[in-house]
């Protein structure tokens with residue numbers, strides 16, 4: 001708010017872009033209540049009409065804390081101001097409903113979209129993956145060509161996550177190969193983490209599991225159990241994960257997915 005006050009004192013009237021930037025910054029800083037407060041002030045006090053960018057920036061604040069009531073309010077508001085059919089707004093709504101546990105609502109939102117692209121398909125594939133619907137995730141991946149949507153590394157991260165829930169190691173291996181050879185996509189750290197832990201199986205302690213993209217994953221003893229340690233080609237540790245028997249949300253490289261583990265320590269990513 002100090003920034004907005006300073007803008008006004010210098011004769012600059014904050015516009016929708018200014019408010020949207022502040023809302024987006026609050027969401028990215030995990031200050032969700034502040035993001036909602038800014039949105040209310042933008043609409044009721046400043047009288048500025050939100051744009052599709054404002055709505056798509058605010059929706060993750062509902063998704064990440066699974067606040068369904070606020071998510072539905074934003075959905076209704078997006079309908080009222082006529083931005084609900086915007087590609088990024090509708091994709092954010094798919095993500096919001098999926099993370100709040102309403103897969104059927106996410107599917108309906110996706111089916112009602114006038115246009116679909118990689119972002120919207122990824123949102124729905126992640127939704128299927130997080131709800132254990134592997135076959136539907138794979139089918140949507142096959143349908144992406146129909147939507148002229150090219151898979152990216154997030155697509156494959158979501159697919160490998162779905163495969164991990166269904167134990168489809170062979171198909172997951174083919175996906176991991178395809179992303180590199182057919183699409184020339186280098187696996188991101190989050191993608192490699194999903195794949196390494198999924199494909200590792202009951203490996204012996206200390207034995208490297210996968211050597212790919214100049215990195216290596218090993219299972220090492222720790223705290224009476226074991227953990228996974230990812231090391232790059234120079235021998236520098238990148239991630240260490242302590243395995244647990246419960247499923248927790250992890251956020252790695254900006255990608256959210258379910259793993260039976262939690263991050264114990266992370267080093268600077270390359």
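Could you check how many residues of region 120-151 are surrounded by 18 or more Cβ atoms within 10 Å (Cβ to Cβ) and in a helix (DSSP H, G or I)?
Summing the residues that are surrounded by 18 or more Cβ atoms within 10 Å (Cβ to Cβ) and in a helix (DSSP H, G or I) in region 120-151 gives 17.
If I ask for residues that are under 16 Å from the mean Cα position of the chain (by Cα) and assigned to a loop (DSSP other than H, G, I, E, B), which ones from region 92-116 would you list?
Correct list: 100, 101.
Hey, could you check region 152-177 for residues that are more than 16 Å from residue 136 (Cα to Cα) and in contact with a helix residue (DSSP H, G or I) (Cβ under 8 Å, 6 or more places away or on another chain) and say which is surrounded by the fewest Cβ atoms within 10 Å (Cβ to Cβ)? Step through it out loud before you land on a result.
Within region 152-177, the subset more than 16 Å from residue 136 (Cα to Cα) is 152-154, 169-170, 173-174, 176-177.
Among the residues that remain, those that are also in contact with a helix residue (DSSP H, G or I) (Cβ under 8 Å, 6 or more places away or on another chain) are: 152-154, 169, 173, 176.
On the way: 152: 16, 153: 18, 154: 22, 169: 13, 173: 15, 176: 23.
So, considering only residues that are more than 16 Å from residue 136 (Cα to Cα) and in contact with a helix residue (DSSP H, G or I) (Cβ under 8 Å, 6 or more places away or on another chain), the one surrounded by the fewest Cβ atoms within 10 Å (Cβ to Cβ) is 169.
Scan region 91-119 residue by residue and report those that are crowded, with 24+ Cβ neighbours inside 10 Å and either more than 15 Å from residue 61 (Cα to Cα) or in the same structural domain as residue 142 (by TED's automatic domain parsing) (or both).
106, 109, listed by residue number.
Which condition does residue 17 not pass, out of (1) within 20 Å of the chain's Cα centre (by Cα); (2) assigned to a helix (DSSP H, G or I), if it passes all the others?
(1)
Are there any pairs with C-beta distances below 7 angstrom linking a residue in region 172-183 that is more than 13 Å from residue 157 (Cα to Cα) to a residue that is surrounded by 14 or more Cβ atoms within 10 Å (Cβ to Cβ), with the two at least 6 apart or on different chains, and if so which?
As it stands, the answer is 183/151, since those pairs meet every condition given.
Of all the residues that make up region 29-67, how many are under 20 Å from residue 95 (Cα atoms), part of a helix (DSSP H, G or I) and at pLDDT below 90?
Qualifying residue count for the region: 3.
The values are calculated or read from the model by the stated rules, or taken from the named source; none is laboratory data. As the structure is a computational prediction, the values presented were derived from the model and not from experiment. Reconstructed Cβ throughout: ideal geometry from the backbone, glycine too, with neighbour counts over all protein chains shown.
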